[in-house]
Amino acid sequence: RAERLSPGGATQLLLALAALLDGHAIPGTVFTTSAACRYLAEAGAPAAANPERAWDAVASLERAGLLAIDPASAPPTVRISPVVQAQVQAAMPEGMLDRAAQAAADALLEVWPDDETRPWLAAGLRSCVSSLQHAAGDRLWAADRCHPLLLRAGQSMDGARLTGPAARYWTELAATSDKILGPDSPGTLMVGSHLAQALLATGQAAGAVAWSQWVVANRRRLSGSDHPGTIAARVSLGQAMVAAGQPGHAVTVLDEAAADYERVHGPGHPGTLSARDELAAACQAAGKPADAIQLYRRTLADRERLHGPRD
């Protein structure tokens, strides 16, 4: 029935996409993204590969009773019964599932706002990611990285200060990355860095220190001590050590990191100034206020020279 209302194959393809997301709250814009249109063009519905025709197909699915559109929200929310989703997923050929999963991930990433000023929209997107992960399994992973959507979902939790869920999310993602990509992959190291920060945000400082040490050791081994990622990881390790009540060790780590930042990037580099500020905070925590004052004065002078006294 839906195909007769909107012929050309788009209804079946978009129904497959909807079946992979959270049926309670799918942003309608997902179906009109350039990613969704590209999916339609490549999967056999080129005539419908534009936002207007794609939305017409979604409307036909509603008229056929396969999903519902709530126009009261902005953007409109698409809802689909879990029973229908299960039937669609069971009927999908393997190749179709592969294409739909990638298209869904690309589309969600495309509509994800930078500022997340509407918490309900961000929550719906995160819920869609969870449903997609469950339905797609390892299809969101390539040989050398995960789909960027998986990182965006975790960063959204961090930004919303959902510290407990974020720590659990990054823990699961780190385990999956280690299994699929291996511990030496840059992707696994990136996820490990996010996990360390998430643990720190939940007050699990000891766990944050352990993960930060692991990231530093592997980045140094793979990329060298002067690589920007290695130096940044050492600064993060110093922050975690301060939180874990190890300010003396933190001073040593941050002193070396700040010196390397300055040697590699120069005294006026933002990373150098930030590392020096972290070192000053560690000195203060370690009971060395004179050293902290000297560092803060130096950083203040550099910032005034670079940005002016009114910055």
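The values are calculated or read from the model by the stated rules, or taken from the named source; none is laboratory data. Since the model is a prediction, treat every value here as computed from it, not as a measurement. Ideal geometry is used to build each Cβ from the backbone, glycine not excepted, and the neighbour counts take in all protein chains shown. For accessibility, only protein heavy atoms count, side chains too; no ligands or nucleic acids. Shrake-Rupley method; radii C 1.70, N 1.55, O 1.52, S 1.80 Å.
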Problem - Hey, residue 287 modelled with pLDDT under 95, among the small types (Gly, Ala, Ser) and out of contact with any Gly (no Cβ under 6 Å at 6 or more places or on another chain) or not - result: no
Problem - Options 271, 245: the member that is assigned to a loop (DSSP other than H, G, I, E, B) and either buried (at least 16 other Cβ atoms within 10 Å of the Cβ) or not polar (S, T, N, Q) (or both) - result: 245
Exercise for the section: Kindly indicate whether residue 149 is closer than 23 Å to residue 99 by Cβ, assigned to a helix (DSSP H, G or I) and over 14 Å from the mean Cα position of the chain (by Cα). Expected result: no
Handout entry: Which listed residue, of 38, 4, is among the basic types (Lys, Arg) and surrounded by 14 or more Cβ atoms within 10 Å (Cβ to Cβ)
Key = 38
Handout entry: Checklist (1) open to solvent by 60 Å² or more (accessible area, probe 1.4 Å); (2) in a helix (DSSP H, G or I); (3) of a type in the set (Asp, Glu) applied to residue 302, failing item
Key = (1)
Handout entry: Filter result (out of contact with any strand residue (DSSP E or B) (no Cβ under 7 Å at 6 or more places or on another chain), open to solvent by less than 10 Å² (accessible area, probe 1.4 Å) and of a type in the set (Gly, Ala, Ser)) within the stretch 145-184
Key = 153, 154, 156, 166, 167, 174
